[in-house]
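The values are calculated or read from the model by the stated rules, or taken from the named source; none is laboratory data. Predicted model, so just to flag it, every value in this text is computed and none were measured. Here the Cβ is made from the backbone with ideal geometry for all residues, glycine too, and neighbour counts use every protein chain on show. Quick note on the areas: whole protein, heavy atoms, side chains included, nothing else; ligands and nucleic acids left out. Shrake-Rupley method; radii C 1.70, N 1.55, O 1.52, S 1.80 Å.
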Amino acid sequence: MVLGVDVGGTKVAVAAIDGVTPSHAVEHPTVTHSTEALLDGIETAVRGVIEAAGQPEAVGVGVPSQIEFATGTVEMSVNIPLTGVPLREELGSRFGVPVVVDNDANCAALAEAHILGEDELVMLTLGTGVGGGVVTGGMTFRGAQGLGAELGHFTLNPDGPPCPGSCPNRGCIEAYCSGQALERDATELAQDKPDSLLAQAIGDDGKVSGQELVEAAEQGHPDALLIFENFARMLGIAIAGYVNVFQPDRVAIGGGISRSSHLFLDRAVQEAAARALPPLWRRVTIALAQGGADAGVIGAGVLAAQEVGGHTPWPHATTTDKRRPASQACAAAERAE
Ligand SMILES: [Zn+2]
């Protein structure tokens, strides 16, 4: 048994994870006024689950931050006070069992792959920003130090709007397909058209919220529909690129904005179909993420289980024609020797 911990901007969720099944789940508000208080809050939540479920073999932790995976140190964390914190070491000494730390989008992708039994999967998490994760051979792709697979920061337009993330670039997918991008476009359109429905939706903060934009689009308001048309087109261009680069079996679309997928997903798939290389496109499935609200804790738990299991593929993975046998990498290594 392992524990999965999902540290979000507003809540810390912890559960015991057996395979992909969570139990003894608890949720505590995220304490963000200091690093020490945040770590104490995580410890309290974890100890609560340990009391109910027993001592775990390992603890996996997903955080909304950039992680140097090898050391479990947080490189950068915008919404919670963890920048520079050696999180794996800090939590490992508190719990006395191995702790593994990864980016929350990587955890969500790993959960999605594991729940569906997919070895090759790309996941885009459309929220305030755009997160991403790549699972290949059943394992998370991370790059050299674990900072890789920032799928939201791939350039779609070199002269596009400034990226709203802590990113120096312009025209990233996050500059088009994030909640912040939707609010920016809705607010600009409302300011340009003071007589429009969107203009009436400008709040006290001078902005049109994503929720107001969704409601306007659902009512068939042309300006709101145009914003989602642009959103869908850019998302489709991004999906086509990721299909061409990674050749996943599945591209999963998750995150809070995916709840409004009726406003963009079909159009995004149509755009991707017109752009992706046909032999790759024929073999891929584009679908909403199935992991649901528990994906974060499940992914963190799967990560912990993989770490204590010595990077072996998950137990329920079967060798079928489409799957690469887990032994292939070992065989190649033996031939090299
Ligand atoms: Zn960017």
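Going by average Cβ neighbours within 10 Å, how do the peptides 221-227, 204-210 rank, with the highest at the top?
For the peptides 221-227, 204-210, the packing ranking is 221-227, 204-210.
Check which residues have an amide H placed less than 5 Å from T83's amide H, if you skip close sequence neighbours.
Excluding prolines and chain starts, which carry no amide H, the hits are S77.
For E89 paired with T10, estimate the spin-label separation in nm (one decimal), with each label point 7 Å from Cα along the Cα-to-Cβ line.
3.4 nm
Per 10 Å bin, what percent of the C-alpha pairs of region 155-218 does each bin hold, from zero upward?
24, 44, 28, 4
Amide H to amide H, which residues 5 or more places from T155 or on other chains are under 5 Å from it, using H placed in the peptide plane?
Long-range HN contacts for T155: none found.
Which value in deg cm²/dmol, rounded to the nearest 500, describes the helix-derived mean residue ellipticity at 222 nm for the chain, given -39,500 (n - 2.57) per DSSP H run of n ≥ 4 and division by the residue count?
-12000 deg cm²/dmol
From the phi of every residue in region 153-162, what ³J(HN,Hα) in whole Hz does the Karplus formula 6.51 cos²θ - 1.76 cosθ + 1.60 yield, where θ is phi - 60° and glycine or proline is x?
10, 9, 7, 9, 8, x, 10, x, x, x
Could you do me a favour and compute the accessible area per residue for the chain, 1.4 Å probe, result in Å²?
46 Å²
Roughly speaking, to the nearest percent, how much of region 15-72's 1.4 Å accessible area is carbon and sulfur?
51 percent
Pop the C-beta distance of R259 and V78 into the FRET formula with R0 = 22 Å and round what comes out to the nearest 0.05. Please list the in-between numbers first.
Values: r = 23 Å, r/R0 = 1.04.
Using R0 = 22 Å, I get an efficiency of 0.45.
Compute from the Cα atoms of the chain the Rg and the Dmax, the latter being the longest Cα-Cα distance, and quote both in angstrom.
When restricted to the Cα atoms of the chain, Rg and Dmax are 20.7, 73 Å.
Taking only complete DSSP H runs, can you tell me which helices of the chain stretch 30 Å or more along their own long axis by Cα positions and average at least 1.0 on the Kyte-Doolittle scale?
Passing helices, by number: 222-246.
Compute and list, largest first, the equivalent-ellipsoid semi-axes of region 75-148 from the alpha carbon gyration tensor, each √(5λ) rounded to a whole angstrom.
Working from the Cα gyration tensor, I get semi-axes of 23, 16, 11 Å.
Could you rank F69, F264, F246, F154 by how accessible they are, 1.4 Å probe, largest area first?
So, going from the largest accessible area down, we get F154, F246, F69, F264.
For region 140-269, with all protein chains present and a 1.4 Å probe, just round the carbon and sulfur fraction of the accessible area to a whole percent. Let's see the in-between values first.
Details: 2950 of 6030 Å².
Answer for region 140-269: carbon and sulfur cover 49 percent of the accessible area.
Order of 211-220, 56-65, 191-200 by packing, highest average Cβ count within 10 Å first?
Averaged packing, sorted descending, gives the order 56-65, 211-220, 191-200.
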